[in-house]
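Here, each number is a calculation from the coordinates, and none is a lab measurement. Here the structure is a predicted model, which is why all the values come from computation and not from measurement. Quick reminder, even Gly has a Cβ in these numbers, built from the backbone with ideal geometry, and neighbours come from all protein chains shown.
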Amino acid sequence: MFKILLVLTVGVAIGYGYGWKDAQVNEKRIYERVVDQIGGSNRDLVGNDVDGKLAKSVGN
């Protein structure tokens, strides 16, 4: 049981450190960058710009 908790704790610590460094370097979130790399017609739906989405739906 101790080994499992130790492995989970180390994994969370490494993941948190990686995520923190990634957030300091990049403005977009990781999933937005992945969708941009993959492409597709739905990549504009991933953003968090609620006003931009509303303007598109209203047609302004």
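A compact table of results
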| read-out | value |
| --- | --- |
| Count of residues meeting criterion [within 20 Å of N48 (Cα to Cα) and either small (G, A, S) or in contact with a helix residue (DSSP H, G or I) (Cβ under 6 Å, 6 or more places away or on another chain) (or both)] in the range 12-28 | 2 |
| Residue pairs meeting the criteria (Cβ under 7 Å; at least 6 apart or on separate chains; first surrounded by 10 or more Cβ atoms within 10 Å (Cβ to Cβ), in the range 1-23; second part of a helix (DSSP H, G or I)) | D22/I30 |
